[in-house]
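The values are calculated or read from the model by the stated rules, or taken from the named source; none is laboratory data. Please read these numbers as outputs of a predicted model, since none were measured by experiment. Here Cβ is always computed from backbone atoms with ideal geometry, including for glycine, and neighbour counts include all displayed protein chains. Side chains are part of the model used for accessible areas, which takes the heavy atoms of the whole protein and leaves out ligands, DNA and RNA. Shrake-Rupley method; radii C 1.70, N 1.55, O 1.52, S 1.80 Å.
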Amino acid sequence: MPVDEPTPAPSALRLRRRAAATREILDTAESHIAEHGPVALSLRAVARSLGMTVQALYHYFPSRDALVTELVAKAHNDLADAVQAAVDTTTEVAAVPRLVVAAEAYRRWAVARPEHFKLIYGTPLRSYEAPAGGPSTQAVLRMSAVFERELFGGYTEAQLTAADTPALSPPLRAHLEQLSPQGQENLPPAATSLLLSAWGHLHGLVVLEVFGHTSFLGDHQAEIFRMSMRNMAEGIHGRIPRA
């Protein structure tokens with residue numbers, strides 16, 4: 001009987017070519033989103049821009065959902081990179097709290113890349129559902145970890161447990177554990193409540209600006225945002241007892 005021969009491993013050159021082609025596809029898709037918005041994204045449009053057939057594109061991304069998942073994860077990670085870079089270049093004695101620095105970096109990225117921000121936080125793309133526990137979920141958890149560290153980095157577990165804030169209801173806690181089992185599992189309930197409140201406030205202001213609902217503030221939006229973040233940070237830290 002003939003002996004089955006092992007399938008040869010892809011060559012290094014072939015892997016490099018595939019990686020380069022994948023990057024080019026993602027770059028083209030990002031450019032398409034920036035110009036036409038995320039709703040207009042399609043494999044056919046991306047393939048046409050690259051001079052490829054849709055069938056050829058399927059060798060790299062078997063569906064639009066696969067491409068969208070990579071784009072969403074990349075956008076989340078690019079945003080997390082921008083926030084982390086801003087925090088890393090801030091000294092401990094800076095006049096602006098590190099949490100505010102992180103929040104401002106988040107806002108700057110969103111304002112500079114509104115269509116990419118809308119891709120990850122805007123109207124959901126029709127029929128798209130991110131894979132549970134996939135790269136986009138992991139990217140969100142990474143962002144959460146950055147803000148968690150900057151919000152609570154100097155507090156002990158005992159201080160966070162004793163924070164003055166209403167406890168999360170059992171149904172909400174169960175829901176959060178299902179969404180991000182690796183996210184806030186080490187945080188006391190009171191701290192989780194504070195983190196979610198801070199995130200909702202920060203993110204809500206950025207959404208309003210990106211979608212044009214605070215344009216009446218003119219050139220003062222950045223100043224108003226900084227003041228709001230300072231007040232938010234002071235309010236949250238005021239709810240945590242001193243050591």
Identify all residues within segment 60-80 that are among the hydrophobic types (A, V, I, L, M, F, W, C), out of contact with any His (no Cβ under 7 Å at 6 or more places or on another chain) and closer than 14 Å to ALA130 by Cβ; write none if there are none. ALA66, LEU67, VAL68, LEU71, VAL72, ALA73
Return yes when LEU141 is closer than 28 Å to ALA222 by Cα and in contact with a Gly (Cβ under 6 Å, 6 or more places away or on another chain) and no when it is not. yes
Among residues belonging to segment 63-103 that are of a type in the set (Asp, Glu) and part of a helix (DSSP H, G or I), point out the one that is nearest to ALA29 (Cα to Cα). GLU70
Report yes if some residue within segment 176-191 is touching a Pro at 6+ places or on another chain (Cβ under 7 Å) and either in a helix (DSSP H, G or I) or in contact (Cβ under 8 Å) with a residue 40 or more places away in the chain (or both); otherwise report no. no
If ILE240 satisfies all but one of (1) at pLDDT 90 or above; (2) in a helix (DSSP H, G or I); (3) open to solvent by less than 30 Å² (accessible area, probe 1.4 Å), what's the number of the condition it fails? (2)
